[in-house]
Structures are given as structure tokens and as C-alpha cells.
Amino acid sequence: MANLGVHVYEQATAVSIPVVADSGLPYVTGAAPIHTASKPGKSNTPILCTCWEEAVEKLGFSYDWESYPLCEFMYSHFQLFNCQPVIFCNVLDPAAMKEDVGTKEHDVSEHKVRLPLAAMSGTVAVTAGGAKLTGDEDYTVYYDDRTDACVVELLETGSAYDAKALSISYTAVKPDAVILADIVEGVGHVDDCMTAVGKIPDTLCAPSWSHNTVVAAVMATKAAGIMGLFHGKCLIDADCGENGVRDYSELSGYKDKNNFVDENQIVCWPMIKLGDYQFHLSTQLAGLMAKVDTLNAGCPYESPSNKSLKMDACCLADGTEVDLNWPQVNIVAGDYGVVTAVNFLVGGWVAKGNYTACYPANTDVKDQFIPVSRMFDWVGNTLIRTFWAKLDKPMNRRLIDSILDTCNIWLAGLVGTERLLGARAEMLESENNLLDLMAGILHIHIYITPSSPAQEIDFTLEYDVNYVMEALAA
């Protein structure tokens, strides 16, 4: 058939725009008081939250952080560091982890009865003087997260407004029913993030659980291959409870004994305080990493070490304060490869430590330094996301040049902004043999050099006698 006239056709641009990977995006596993949430998310499913209000709406909130460790992270990340978003995985299932609390008599104060926060509002049954009361007519039930209580309040228009005592029964959630297997399963749901919320995290956390060797090992495995493709880091707390590390000198042996030696792990010790609140150091380190990355346009090339934490003391799990002097901090952060906190010279309390858990056994610069290793992860994650759309296209010269040009333009931009010291992409003949090319396998070699953190700056002072003669010369 004839195709008369003038025709214009478009061809895809030879250079792609990089799909830059998220950086400093935490995936946090643990329990939350989801039964108190106004719009509860689904248990054992990634839940994306972009602000404090959304997190409380989807997960609920309590100051009982021992029972509900996700609330500790929520408070730190949104309230203290003002960072977002966070992906939570709540493993507390109110439908299964619950117990019935039989009828008990409670004194009424100011027309209210305060029940434990664990009480599930929809299960509360109230009687007064032997008469069953009707919800939303005689009373209402709500949660007060400031006092961690489930409040039964008598309504002025109801039949028992002036009652002095109420008989109440209810069903309560059991946060202590969460076991190791639940946390391990929750960590595994990190692979569901892309499908569930459209995001791929790069920081794995499990406050109150990460010191467990099984949890720490699973976190490290997942961090090495999120969805089997993407790389990240997991933040691990060294146990500082009764049977844990109570003195800094025990950390080296503790790391080796518990196999906290993976390049994808960052070990933290001890816990920290802010007023009456007590945090796992990993919780605040996640917020600090996200803050530093955000200030650097989402690029993780700068270490969180020597940056401000939100704290006023170091402590053990039982609240005993830990006071590390500078030589001790040097040993913990320098010799043992553990991130800690210090208040020294000026600037207040800061995180201190540039090493991943693999140090000192592994001194490969791309593995041992937190910012260098995170840059390798981030560049790799960006390459996967950028070039996934190129898969299964005809492997010809145009495709190869498109990949190389896109890589080199993006990498040159990182070098130009001093986020890398140098970088380039090449297709090496030695890595691309005929059989691989015939099989549709293309090998691109990426050379990158992130900056190492300036851990030590030495000055040499010397008395120069020549200045004496110059100063006193006639």
C-alpha cells in the first residue's frame, strides 16, 4: 500500500535519565500498638509513613517502647530528626496475639476509668449496678497516648454518668507474644516493599531485637540482597542488658562471639538517653544517616560520624549511665569498629565511628568504611533501577553506547560535585568474551572512588630559628 506524503518519526533518546536509588530510607521491624490506630495498616506488611501524624494514624503510639519498639523509632525519626519517609513492618497481630481479661470492678474518677493501653476498644463491655451499658450512648472508649491508657468515659447524656464504679471486661493484645520467628519473618518482608509501597529501603533496623544473633544474621543476609538485587546496611545494637556488654572492653570479644563481622552490618553500643526517654543507638543513627543524606541531596557519601545526636547521656539497658573518655572512644570506634557516642570538646553529643562491622578483620576500603561502602551500594542500586528497562532490547552498538554514555554522564556529575573522587564506565574486551556476547550477556565495568572519611588530621609543630633573626634584625 502506498504511503504518500511527508512523515516524521521519533527515536528514543540515546542517553537515559538515571533513576536514582533512595538513600537513608529505613525499613523497621517490630511491634506497634496497631489496635490503637485510627486507620490501622495490615500486620506483617510494609507500611509507608511520611510524617508523624500518618505513622500514629496507621500504627498507633505508646511510650512503652519496650513493648512497642516501633514507637521508639517513630518518635526518634519524625520528632527528633524530622526525617521521612520510613517503612514499618508491624509484626503484632491483634487478631491472634490477644487474651481475654475477665470482668473486674473499677473505681470511676471524673466520670472515667483508665484501662491498660493493651485493651482493645471494640471488645470493652461495661456494666453499672448490674445493668449493661451501651457504647456511644452511655459511654465512649478512646486511647490516650500521653498516659498510655485506654479510657472509658461515661457520657453526660447516658444512663450511668454519675456511677462510682463500673464492671468492665475486655480483650487485650499481647505484645509479649511476639517471638523471634515473628521478627525474622518481618525482616523478610523487606522484599515486599517495592510491590507494597513502591519504595526500596537501604537501611534495615529492628530495635530491641537486632542484638539477637539470628535476627542480626538474617538482617545482614537481606541487606546484601534486598529482593535479591539491591544492597543496603543493617544497624545492629550490641546487647547492653544484664548479660550483655556492660564495659567497652568487652566489645571486641562480643563481636567475634556473636559473628557481628559482616560488611553489611553497622554495630552500635551502648544505648542513649534524652531526658526521661531511652533509645537504642541504632534508632538514632538511622535518623542521623537519613538527615546527613538529605542534606547531601540524597547521596550517602558523607559519614554520620561526628554529627549531632539527640541525647544527653550514654547508658546501659537498665539506665546505668556510661561515661566514655576519649581514649576509650578511640578504642571502641577505632580499634573495635563499633559506632558509639561522645561529648568531647565542642558541639555536644555526636556519633563516633566510621567502620562497618567487618573491621578490623576486613580492611578492604570499599567494605570497612561506612560512607564508602554505602556509596558502592547506592551506585549499584541506581544502576539496577536505571537500566532495568534496557533488558531484552536488541544488544547492538547503539544499546551499548547508550548505557556507557548514561553511566559516564551521571558519574561525571558525581565527580563534579565532589561526591566521588573519580569514576568512569567501560566495556572491557577482556570481560566480554564471544560466548557471553552470543548469549546476550553484557559486562560493563564501573570504576568509582568515593572519599574516605578524614579520621585523623596531623599537624607537625617545629620551632623555626630563622624567625628569631628576622624579627630582631635591625
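The values are calculated or read from the model by the stated rules, or taken from the named source; none is laboratory data. Here the structure is a predicted model, which is why all the values come from computation and not from measurement. All Cβ positions, glycine included, derive from the backbone under ideal geometry; neighbour counts span all protein chains shown. What goes into the accessible areas is simple: the full protein's heavy atoms, side chains included, and nothing from ligands, DNA or RNA. Shrake-Rupley method; radii C 1.70, N 1.55, O 1.52, S 1.80 Å.
Name the residues in the range 75-99 that are over 30 Å from Asp22 (Cα atoms) and open to solvent by less than 70 Å² (accessible area, probe 1.4 Å), would you?
Within the range 75-99, Pro94, Met97 meet the criteria.
If Asp377 passes every condition in (1) free of Cβ contacts under 8 Å to residues at least 24 places away in the same chain; (2) open to solvent by 10 Å² or more (accessible area, probe 1.4 Å) but one, which one does it miss?
(1)
Given the structure, is Arg385 under 18 Å from Glu302 (Cα atoms), surrounded by 15 or more Cβ atoms within 10 Å (Cβ to Cβ), of a type in the set (Lys, Arg) and in contact (Cβ under 8 Å) with a residue 12 or more places away in the chain?
no
Is it true that Glu456 is out of contact with any Phe, Trp or Tyr (no Cβ under 8 Å at 6 or more places or on another chain), under 25 Å from Glu263 (Cβ atoms) and among the acidic types (Asp, Glu)?
yes
Please count how many residues of the range 28-67 are open to solvent by less than 30 Å² (accessible area, probe 1.4 Å) and without any contact (Cβ under 8 Å) to a residue 60 or more places away in the chain.
Result for the range 28-67: 6.
Among all residue pairs at least 6 apart or on different chains, which show Cβ distances below 6 Å where the first residue, located in the range 329-354, is surrounded by fewer than 17 Cβ atoms within 10 Å (Cβ to Cβ) and the second is assigned to a helix (DSSP H, G or I)?
Note: pairs meeting the criteria are Phe344/Trp326.
Would you mind listing the strands (runs of 3 or more DSSP E) fully within the range 212-324 where at least 1 residues are under 15 Å from Tyr355 (Cα atoms), among the hydrophobic types (A, V, I, L, M, F, W, C) and out of contact with any Ser or Thr (no Cβ under 7 Å at 6 or more places or on another chain)?
Filter on the range 212-324 gives 233-237, 265-268.
Based on what the data block shows, is Leu25 under 15 Å from the mean Cα position of the chain (by Cα), touching a residue at least 60 places away in the same chain (Cβ under 8 Å) and open to solvent by 20 Å² or more (accessible area, probe 1.4 Å)?
Spelling it out, it is not the case that Leu25 is under 15 Å from the mean Cα position of the chain (by Cα), touching a residue at least 60 places away in the same chain (Cβ under 8 Å) and open to solvent by 20 Å² or more (accessible area, probe 1.4 Å).
Taking the range 200-251 as the search range and keeping residues that are over 12 Å from the mean Cα position of the chain (by Cα) and of a type in the set (D, E, K, R), which one is farthest from Met271 (Cα to Cα)?
So the residue we want is Lys222.
From the list Ala454, Ala474, which residue is over 30 Å from Thr356 (Cβ atoms), in a loop (DSSP other than H, G, I, E, B) and either open to solvent by 60 Å² or more (accessible area, probe 1.4 Å) or at pLDDT 95 or above (or both)?
Exactly one residue qualifies, and that residue is Ala474.
Quick one: what pairs do we get from the range 109-130, first residue touching a residue at least 24 places away in the same chain (Cβ under 8 Å), second open to solvent by 70 Å² or more (accessible area, probe 1.4 Å) and assigned to a loop (DSSP other than H, G, I, E, B), C-beta under 7 Å, 6+ apart or different chains?
Nothing qualifies.
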